[in-house]
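Below: one structure, written as structure tokens.
Taken together, the values in this text are just the output of simple stated rules run on the coordinates, not laboratory data. Because the structure is predicted, anything quoted here is derived from the model rather than measured. Note that each Cβ is placed from the backbone with ideal geometry, even for glycine, and that neighbours are counted across all protein chains shown.
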Amino acid sequence: MEFLGVWLSSYQWLHEQFFTRVLPTGVNGCSLKTPENLAVVSGIPVEKMMIETDSPYCEIKNTHAGMKFVKSTWPSKKKEKHEQDCIVKGRNEPCLVRQVLEVVAGCKGITEIEQMSRTIYYNTCRVFFPQDLDSAADALLSGHMVLHEP
């Protein structure tokens, strides 16, 4: 399967749901605000999905419908009192992409998110770095290759 060199970002697909089944589609915290948004996300095939934080904006807030699926949290402090082991309060940090992954999994009823995260990562590579993909990436995606940590 080849991807086109285009993708939909969340602000585009909210009104163009047909394309989410055809084009690679990016999902971020702004995509997860309402129950209607979650219904759209649940219908996007994982094979066509990418996730992003859209940092420093679009964090998943307590008022968002997707918040009920968030499991990962990090300590935060106001930027004036920032510490190295904390994220800046009210700013969407890159590590919060994990929360987007958790909400997508929750919308789709997926409890084991490792394979889903590999598929989404691979989708992103196919769109932005197709020249870097090789058989090792294919093996990793299919689960036939185990990464050993040092």
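Annotations for the structure displayed:
- Each 5 Å bin from zero holds the following percent of Cα-Cα pairs in segment 51-102: 4, 22, 29, 28, 12, 5, 0.
- Burial ordering of 122, 57, fewest other beta-carbon atoms within 10 Å first: 57, 122
- Counting every other Cβ atom within 10 Å of each residue's Cβ, 68, 33, 89 order from fewest to most as 68, 89, 33.
- Sorted fewest first by neighbouring Cβ atoms within 10 angstrom, 23, 101 come out as 23, 101.
- FRET efficiency, 1/(1 + (r/R0)^6) with R0 41 Å, evaluated for residue 115 and residue 76 via beta carbons: 0.85
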